[in-house]
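Engineer: Quick one: this structure, given as structure tokens, is what I'll be asking you about.
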Amino acid sequence: MHELVFNNTMLISGIILAVTFIGIFTEHVHGFHRAKFAMLGAGTILLIGKEMGFYSVEQAYEAVDWNVIFLLGCMMTIVAIMIPTGGFQNLAVELARFSKGRLYMMLALIGTAVTVISLLLDNVTTVVIFGPLIIMIARTLNVSPLPYLMAAALLSDTGGVATLVGDPPNLMIGSAANISFNTFLVHMGPPVLVAWLTVLVALKYLFKEELAEKPKDWQDIEEIPITNKKVWYSALAILGLMTVLFMAHGALHMEPWEVSALGLTLLFFASRHIEVDESLEQVEISLLLFFISLFILIGGVEHSQFLEYVGTQILPMVREDLLMASIMLMWVAAVLSAAIDNIPFTAAMIPIILGLETQGINVSPLWWSLAIGVGMGGNGTHIGSTANVYIVTISERLARETGNPKMAITPGLWMKKGLPVMFLTLVVSTILFSTFFDWFTAPVN
């Protein structure tokens with residue numbers, strides 16, 4: 001494995017990355033939408049990359065995770081078709097009635113449902129389904145939706161760490177290390193369960209004021225009928241089929257976006273009176289544009305080898321203290337995943353860990369610490385995961401619709417609530433990882 005030397009290419013790409021993310025994080029100060037800064041960063045690194053020879057248009061195209069883009073777009077359209085049927089509103093009333101106005105219980109119910117679904121489905125899909133529903137529940141009870149929106153994102157990020165299919169980095173790690181679904185679940189399930197309980201308890205105190213609000217009397221809430229049962233139940237049946245296909249997409253050689261596109265196509269035909277243009281108007285184009293630009297930006301930084309260079313800084317410790325190196329990797333991965341998308345960092349670390357394995361080092365604990373770090377680290381900021389960005393986007397849309405800026409989840413608010421969650425889950429994971437280190441050092445295959 002060749003030794004990386006910090007050079008001007010890495011320096012320039014690092015500066016572009018830093019300036020872009022400063023712009024994204026401070027959008028509420030300067031007033032420019034984060035998509036504009038992402039586009040600026042993507043364009044800058046592409047032009048400079050072409051000039052310096054480390055990035056090209058073809059590589060930029062390949063850097064975009066089109067699976068995420070198409071999956072997100074299709075799922076948002078499916079949800080847009082389902083909302084006018086009244087099904088979500090009906091479900092919101094039933095959930096509100098079941099919780100009997102106890103707000104923390106409602107948060108726990110939503111959090112549990114999100115976590116369970118995130119074990120089998122991508123966390124983006126989960127929050128796309130639950131986001132609009134949460135807003136409707138909050139409107140029904142006349143309370144702030146922010147605690148429940150953030151709980152959905154934080155718990156979907158946490159729950160997704162447990163399984164091989166719960167988060168894209170898990171698939172990358174499992175493929176590189178040849179880790180089976182069951183092996184991944186057995187090793188990641190216990191720490192994720194403890195982390196989930198930790199997050200659930202932490203949210204009770206982090207949103208103490210919001211959860212103390214007096215909701216509308218649940219007994220006075222009138223039942224909302226499903227106005228278009230055919231479309232609603234057709235959509236539920238199609239979502240059930242999609243769930244099965246999502247779980248079996250590997251065996252069927254189907255990408256998740258293909259499953260979502262198939263589901264959307266079936267739903268269009270099941271609801272022939274639905275106008276395609278009206279449904280597509282609900283798709284957040286700015287969100288998709290943001291992610292495309294972000295993928296291009298991160299792809300350029302990755303091709304400059306800056307991320308790989310950052311990752312190699314922890315390697316000298318591996319030979320001296322494998323436990324300390326694993327824990328350090330976990331925390332470094334978490335911090336960087338909070339600042340940038342966790343997929344590029346995972347991609348940069350995989351060849352490094354594989355290189356260590358060829359030198360006779362037991363890398364099993366490094367795989368697990370990397371999975372925990374990139375998964376839990378996504379909770380730290382509003383751009384730490386795709387699920388977070390979607391939740392922030394629909395909260396901003398709600399703020400515009402209601403004319404109430406307090407309905408928007410700002411980067412500062414997310415860090416105020418999300419960073420404590422990230423650090424708590426990392427501390428818990430570190431304790432468990434250290435206590436049962438022998439279990440995590442066992443061969444993964």
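Engineer: State in Å² the accessible area per residue of the stretch 171-308; use a 1.4 Å probe, count heavy atoms of protein chains only, and round to the nearest integer.
Structural biologist: Heavy-atom accessible area per residue stands at 55 Å².
Engineer: Still on this model: Calculate one ³J(HN,Hα) per residue across the stretch 316-332 by plugging θ = phi - 60° into the Karplus curve 6.51 cos²θ - 1.76 cosθ + 1.60, and present them in order as whole Hz with x for glycine and proline.
Structural biologist: Using θ = phi - 60°, the values come out as x, 6, 4, 5, 7, 8, 5, 4, 5, 5, 5, 5, 5, 4, 4, 6, 5 Hz.
Engineer: How far apart, in nm, are two points set 7 Å out from the Cα along the Cα-to-Cβ line at residue 204 and at residue 309?
Structural biologist: 4.8
Engineer: Next question. How large is ³J(HN,Hα), in whole Hz, for each residue of the stretch 403-411 in order, when computed from phi with the Karplus curve 6.51 cos²θ - 1.76 cosθ + 1.60 and θ = phi - 60°, using x for Gly and Pro?
Structural biologist: Calculated HN-Hα couplings, in order: x, 10, x, 5, 7, 8, 8, 7, x Hz.
Engineer: Leaving ligands, DNA and RNA out of it, report the carbon-plus-sulfur percent of the accessible area of the chain at a 1.4 Å probe.
Structural biologist: Carbon with sulfur: 64 percent of the solvent-accessible area.
Engineer: With each run of n ≥ 4 DSSP H residues scored as -39500 (n - 2.57), what mean residue ellipticity at 222 nm is computed for the chain after dividing by its residue count and rounding to the nearest 500 deg cm²/dmol?
Structural biologist: Counting only the DSSP helices, I get -24000 deg cm²/dmol.
Engineer: I need the phi-derived Karplus couplings for the stretch 369-375: 6.51 cos²θ - 1.76 cosθ + 1.60, θ = phi - 60°, integer Hz, Gly and Pro marked x.
Structural biologist: Karplus-based 3J(HN,Hα) across the stretch 369-375 equals 5, 5, 4, 5, x, 5, x Hz.
Engineer: Which entries in 100/208; 100/417; 214/417; 36/229; 229/417 show an alpha-carbon gap greater than 30 Å?
Structural biologist: On the way: 100/208 18 Å; 100/417 26 Å; 214/417 22 Å; 36/229 41 Å; 229/417 39 Å.
In this structure, 36/229; 229/417 lie more than 30 Å apart at Cα.
Engineer: Still on this structure, please answer the following. Pull up all non-local amide H partners of residue 362: gap of 5 or more, or a different chain, and H-to-H distance under 5 Å with H placed in the peptide plane.
Structural biologist: Residues meeting the criterion, in which the H sits 1.01 Å from N, do not exist here.
Engineer: I would also like to ask the following. To the nearest 20 debye, what charge dipole does the chain have about its Cα centre, counting +1 at the Cβ of each Lys and Arg and -1 at the Cβ of each Asp and Glu?
Structural biologist: Dipole of the chain, to the nearest 20 debye: 1080 debye.
Engineer: With labels modelled as points extended 7 Å from the Cα through the Cβ direction, what inter-label distance (nm, one decimal) is found for residue 227 paired with residue 33?
Structural biologist: In this crude label model, residue 227 to residue 33 measures out at 2.7 nm.
Engineer: Would you give the gap between the C-alpha center of the stretch 395-417 and the C-alpha center of the stretch 176-216, rounded to a whole Å?
Structural biologist: 23
Engineer: Using a 1.4 angstrom probe, figure out how much accessible area the stretch 1-157 has per residue, in square angstrom, rounded to the nearest whole.
Structural biologist: For the stretch 1-157, the per-residue accessible area is 40 Å².
The values are calculated or read from the model by the stated rules, or taken from the named source; none is laboratory data. Keep in mind it's a predicted model, so treat the numbers as computed, not measured. Cβ sites come from the backbone with ideal geometry, for glycine too, and all protein chains shown count toward neighbours. Just so you know, the surface numbers come from the protein's heavy atoms only, side chains and all, with ligands and any DNA or RNA stripped out. Shrake-Rupley method; radii C 1.70, N 1.55, O 1.52, S 1.80 Å.
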